[in-house]
1. If you work out semi-axes √(5λ) of the Cα gyration tensor in Å from the coordinates, which of [x] 62, 27, 20; [y] 32, 26, 22; [z] 62, 22, 19 do you get?
2. In region 12-102, what percent of the accessible surface is made up of carbon and sulfur (1.4 Å probe, ligands and nucleic acids excluded)?
3. For region 361-436, what does the relative contact order come out to in percent, with C-alpha contacts under 8 Å and a separation of six or more?
4. Sorted by mean Cβ packing within 10 Å, highest first, what order do the peptides 226-236, 403-413 take?
5. Going toward the positive end of the dipole of the chain, with +1 on Lys and Arg Cβ and -1 on Asp and Glu Cβ, which of VAL301, HIS412, THR45 do you reach last?
6. Size of the dipole of region 77-170 about the Cα centre, Lys and Arg at +1 and Asp and Glu at -1 on the beta carbon, nothing else charged, in debye to 20?
7. By how many degrees, between 0 and 90 and to the nearest 10, does the Cα long axis of helix 81-93 differ from the longest principal axis of the chain?
8. When the helices in the chain are scored as -39500 (n - 2.57) per DSSP H run of 4 or longer and the sum is shared across all residues, what 222 nm value do you end up with, to the nearest 500 deg cm²/dmol?
Amino acid sequence: MWGGRFQEGPDAIMEAINASIGFDRRMARQDIEGSRAHAAMLAATGIVSDKDAEAIREGLLTVLSEIEAGTFQFSTALEDIHMNVEARLTELIGAPAGRLHTARSRNDQVALDFRMWVRDQADAAVDALPRLIAALVDQAEAGADWVMPGFTHLQTAQPVTWGHHMLAYAEMFHRDLGRFRDARARMNECPLGTAALAGTSFPIDREMTAKALGFDRPAANSLDAVSDRDFALEFLSAASICAMHLSRLAEELVIWSSAQFRFVRLSDRWSTGSSIMPQKRNPDAAELLRAKLGRILGANVALFTVMKGLPLTYSKDMQEDKEQVFDAADSLMLALAAMTGMVSDMAPQREALEAAASSGFSTATDLADWLVSEADLPFREAHHVTGALVAKAEARGCDLPDLSLEEMQDAHPAITEGVFDVLGVHNSVASRTSYGGTAPDNVRSQVKRWREVLP
């Protein structure tokens, strides 16, 4: 490959550190698609003959079939997927294979292959996320009026509905869907034809290759095109945020499935046992999924670190751009599939949810709001009165609805029998009718909207 410039072959250690075929073989399909488009363009512009271009294109299909069949012999000595494919193509069709690399470099070739591979992963995430959102919407619809505790600081705050809680995650994952779509749109510029860094003197048609490969347009600056890895960083950034959302939901599943909460029961498909404690049902799938953020975010940080000090244009450092992205994409797709399965299978325990919703003075805010609207107290005074009643109930070992009217009037004489209408958890959630609130009718309205939004 190096021609007459070097008289000796690489040292074995140099060969090992320099070779990327151990991981970039995953881009074989993208490499061959790009080469076939390039060959067709070379023929259309008269740079190579139709006969040679056709031999190249057919030979590349043979190479692809060998790779897909598992019979292709990859060579570390040939460094990367590009040279492995070209070497095998030369064995198959002879001299015409040497014309394939006209008007391109491995710099724009790898930029193309990697961009196409990442684009495919963005498409996979865009395909997977609606299935997870749909599973959450199904849960929301089933439990639109089931009450549960809402938490701040993991302490009981106010009652909410199960459906409202599920739809909170639907919102998160829908934002993730938008991020992957946005990233996909920005990365859809074709670097092929920018050659090593400066473009080429051959009369190529970059619009033709861009269109053939599904890009919106050719990249406008050759220096940027061969050195840009923003598309991978943006994919990893979107993947990191998505994995963070998955980790938050996984954490809730771990907590909720515990014996102390018993909010949900995970199916046997997503649970494991203990080698010594026969009673155990461990939420291992959720725990493993929770940990995937570490790998995905780590990949993001690693690639940022690789790219942060590189001058234009290509440096060999950029060979370190792929393994982290490959691993992060694999981890993300596995995590999305696992979470979709867990959400679809999990069985919320309605009685336990309602019992917990009624504890911890969860309707204290309803009492304060009642004092404002019915007794005409300023909210700060209503807050103080409610706090005094909570302290009294706590001292008695009961909840707010268990206090007598006389005990409540000791805190403020304006309190009437009507206060008890707002202290039940069902009344509480039903009253939260402001847009975006937890009221069951709101949840059902949002479920309807989601059914219309989802593909």
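The values are calculated or read from the model by the stated rules, or taken from the named source; none is laboratory data. In this text the structure is predicted, and so the values were computed from the model without any measurement. Neighbour counts are summed over all protein chains in view; Cβ atoms, including those assigned to glycine, are modelled from backbone coordinates with ideal geometry. Heavy atoms of the whole protein, side chains included, go into the accessibility calculation; ligands, DNA and RNA do not. Shrake-Rupley method; radii C 1.70, N 1.55, O 1.52, S 1.80 Å.
1. Calculated semi-axes √(5λ) of the Cα gyration tensor in Å: the matching label is [z].
2. Within region 12-102, the accessible surface is 52 percent carbon and sulfur.
3. Values: 65 pairs, mean separation 27.0, N = 76.
That works out to 35 percent.
4. Numbers: 226-236: 22.5, 403-413: 14.5.
Highest to lowest by the protection proxy: 226-236, 403-413.
5. Most positive-ward Cα: THR45.
6. In debye, rounded to 20, region 77-170 gives about 280.
7. That helix lies at roughly 40 degrees to the long axis.
8. -20000 deg cm²/dmol
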